[in-house]
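Student: Structure provided below as structure tokens; questions to follow.
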Amino acid sequence: MITAERKPITEIEAMLNPFRRILVVGCGTCVAECAAGGEKEVALLSSALRMDARLKGRKIEVGEVTIDRQCVYEFINELTGFVDHYDAILSLGCGAGVQAVAGLFPKMPVLPGLNTKFIGETKETGLWIENCRACGDCKLGYFAGVCPLTRCAKGLLNGPCGGSKNGVCETNPDTPCAWQMIIDRLEGRGQIDLLQTIFPPVDWSKYEGKGPRKIEREDQRSGS
Ligand code: SF4
Ligand code: SF4
């Protein structure tokens, strides 16, 4: 999933300062899972904005709505019909969600309430870890399901750096050494020979592409 963190309230209030009627729009998928932009966070932030405005003697109106996904037009369409009542939308979606909403309502200022972070996993309650950089050429089959490109601090594909101690990365005592995990898992499976494969330097054009990347599927477009 895409992870995100809410922007500081002072930054949000500065963005919203020119507007009086604000619609806070949450997203019920990734950013709800990481407790940044779901229904609950929309309610908390909306209350905070109302309370702060009252304390400052400002008159504002804050509406709240959470749609299933801010990055899918059929869900964004649910906003049609009542966004016109507002001067601005504060999106608690990821960067893709903010842009999709702005695309559907080009005359409306759509402002980001979150800082989008990374593709991650909910490791435990309140802990999300980055584990995929969306490189466009997945090699997890060689690495026992641990991505060294993302989870090794040096992004090494051809073995560990040698600095790991007691299974911990030399760059950060809070981070397990990805290569130690890879080796332990492959040894446990009797697949250590997979590490005989030598990888050339990563082809980052599959990651960065030529401008924004896209996936086009004719079978999906035609519905066949
Ligand atoms: S190899 Fe690439 S696609 Fe696969 S998990 Fe790592 S970054 Fe993501
Ligand atoms: S200690 Fe392990 S995870 Fe850290 S940089 Fe070296 S090989 Fe990568």
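The values are calculated or read from the model by the stated rules, or taken from the named source; none is laboratory data. Every value quoted in this text rests on a predicted model; they were computed, and no experiment measured them. As a convention, Cβ positions derive from the backbone with ideal geometry for all residues, glycine included, and neighbour counts pool all protein chains shown.
Student: Please give the helices (runs of 4 or more DSSP H) falling wholly within the range 131-223 in which 3 or more residues are within 11 Å of ligand 2 (Cβ to nearest atom) and in contact with a helix residue (DSSP H, G or I) (Cβ under 9 Å, 6 or more places away or on another chain).
Tutor: 148-151, 178-189
Student: Do any residues in the range 150-162 that are at positive phi have Cβ atoms under 8 Å from those of residues that are in a helix (DSSP H, G or I) and of a type in the set (A, V, I, L, M), where the two are at least six apart or on different chains, and which pairs are they?
Tutor: Qualifying pairs under 8 Å: Gly155/Leu149; Gly159/Leu195.
Student: Any residue in the range 43-57 that is closer than 21 Å to Leu104 by Cα, in contact with a strand residue (DSSP E or B) (Cβ under 9 Å, 6 or more places away or on another chain) and either in the same structural domain as Cys94 (by TED's automatic domain parsing) or aliphatic (A, V, I, L, M) (or both)? Steps first, answer last, please.
Tutor: First pass over the range 43-57, keeping only residues closer than 21 Å to Leu104 by Cα: none.
No, the range 43-57 contains no residue that is closer than 21 Å to Leu104 by Cα, in contact with a strand residue (DSSP E or B) (Cβ under 9 Å, 6 or more places away or on another chain) and either in the same structural domain as Cys94 (by TED's automatic domain parsing) or aliphatic (A, V, I, L, M) (or both).
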